[in-house]
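What follows is a set of notes on a single structure, which appears directly below.
Nothing in this text is a laboratory measurement; each read-out follows from the coordinates by a stated rule. Note that this is a predicted model, so its numbers are computed, not measured. In this analysis, Cβ positions are derived from the backbone assuming ideal geometry, glycine residues included, and neighbour counts consider all displayed protein chains.
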């Protein structure tokens, strides 16, 4: 991209920048060992993630008033714990489990790649996570953001246009001066439809054995990279 380079790169976070599945399974497996609980933690994590989009869609359709992702996660967790006979966990343990989304670990290439990109571009997350979640995650995992765009800034969830266009508005940039980087083709399609540039980075193991899509780019996005460090190379950083 030697012409018409963007000024800012914003990143989908869950799955693109951080490995949510392995992070949560690892933490909960250790919690179960300490607590003497024999639980299918991988199954719990997969069910928890499966509740993510439906919970946001209820908000997007107006069936539920604006609710930050932390609170949607907690409501889904409470239901899943009850279904698995774990409703009797201490409230402090439930809070700690829910805050696992604040402690997610990055993919190995994320921090070095984004650090390189930061030398040339404004970098930040554009996530359905709330700002507090994203700030905690950045501090926990040394993510080198310049700015944090959480869904609660816009009171909308992706793929609502207010999220993508809100980034351009707050940065005082035209949509074409912003690139969304994501491992999810649908996210990129929504951004492109609003005039943003697009960068694809595959995360073929995001959902572990449950992965069914996003193994590769399904459109000719502006940039298609192997990982974040390759993206930095392609973007001249």
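How far apart, in nm, are two points set 7 Å out from the Cα along the Cα-to-Cβ line at residue 230 and at residue 57?
3.2 nm
Expressed as a whole number of Å, what is the distance separating the alpha-carbon centroids of segment 107-150 and segment 8-59?
Each part's Cα centre sits 19 Å from the other's.
Quick one: helix 161-171 against the long Cα principal axis of the chain, what's the angle to the nearest 10°, folded into 0 to 90?
Result, in degrees: 60.
Report the full-extension gain for the segment residue 89 to residue 210: residue separation times 0.36 nm, less the Cα-Cα distance, to one decimal in nm. Mind showing how you got there, number by number?
Details: separation 121, 0.36 × 121 = 43.56 nm, distance 2.79 nm.
Once the chain is fully extended between residue 89 and residue 210, it gains 40.8 nm.
For segment 20-103, count all C-alpha to C-alpha pairs, find those more than 22 Å apart, and express that count as a whole percent of the total.
Details: 787 of 3486 pairs.
Tail of P(r) above 22 Å: 23 percent of Cα pairs.
For the chain, modelled as a GNM with alpha-carbon contacts under 10 angstrom, which of 21, 60, 95 fluctuates the most?
Comparing 21, 60, 95 in a Gaussian network model of the chain, the most mobile one is 95.
Does segment 145-189 come out rounded, prolate or oblate, given a ≥ b ≥ c as the square roots of the eigenvalues of its C-alpha gyration tensor, rounded meaning a/c under 1.5 and, failing that, prolate meaning a/b above b/c? Spell out each step's value before the answer.
Working: a/c = 1.42, a/b = 1.14, b/c = 1.25.
Taking the square roots of the gyration eigenvalues as a ≥ b ≥ c, segment 145-189 is rounded.
When only Cα pairs under 8 Å and 6 or more residues apart are kept, what is the percent relative contact order across the chain? The partial results should precede the final answer.
Numbers: 368 pairs, mean separation 59.7, N = 237.
Relative contact order of the chain: 25 percent.
Sorted by mean Cβ packing within 10 Å, highest first, what order do the peptides 186-197, 62-73 take?
Values: 186-197: 19.7, 62-73: 15.3.
Answer by packing, highest mean first, reads 186-197, 62-73.
For a protection proxy built on the mean count of beta-carbon atoms within 10 angstrom, sort 230-236, 214-220 highest first, please.
Working: 230-236: 17.9, 214-220: 13.6.
Going by the mean number of other Cβ atoms within 10 Å, highest first, we get 230-236, 214-220.
Expressed as a rounded percentage, what relative contact order does segment 20-103 have, with Cα pairs under 8 Å and six or more residues apart?
Once normalised by length, the contact order is 33 percent.
Taking the beta-carbon count within 10 Å as an exposure proxy, list 164, 157 from fewest neighbours to most. Intermediate results must be reported in sequence, preceding the final value.
Numbers: 164 27, 157 22.
Ranked by crowding around the Cβ, least crowded first: 157, 164.
What whole-number value in cubic angstrom gives the convex hull volume per residue for the C-alpha atoms of the chain?
Working: hull volume 28.2 nm³, N = 237.
Value for the chain: 119 Å³ per residue.
For every helix of n ≥ 4 consecutive DSSP H residues, a contribution of -39,500 (n - 2.57) applies; sum these over the chain, divide by its total residues, and give [θ] at 222 nm rounded to the nearest 500 deg cm²/dmol. Could you put the intermediate results ahead of the total?
Values: 11 runs with 109 residues, N = 237.
One gets -13500 deg cm²/dmol as the mean residue ellipticity at 222 nm.
On a 0 to 90° scale, report how tilted helix 41-50 is relative to the longest principal axis of the chain, with both axes built from alpha carbons and the result rounded to the nearest 10.
It works out to around 50 degrees.
For segment 171-237, what relative contact order do you get, as a whole percent, if you take Cα pairs closer than 8 Å and at least 6 residues apart?
Values: 92 pairs, mean separation 18.2, N = 67.
Relative contact order of segment 171-237: 27 percent.
Going by Cα centres, segment 65-91 and segment 157-205 are how many Å apart?
Their Cα centres are 30 Å away from one another.
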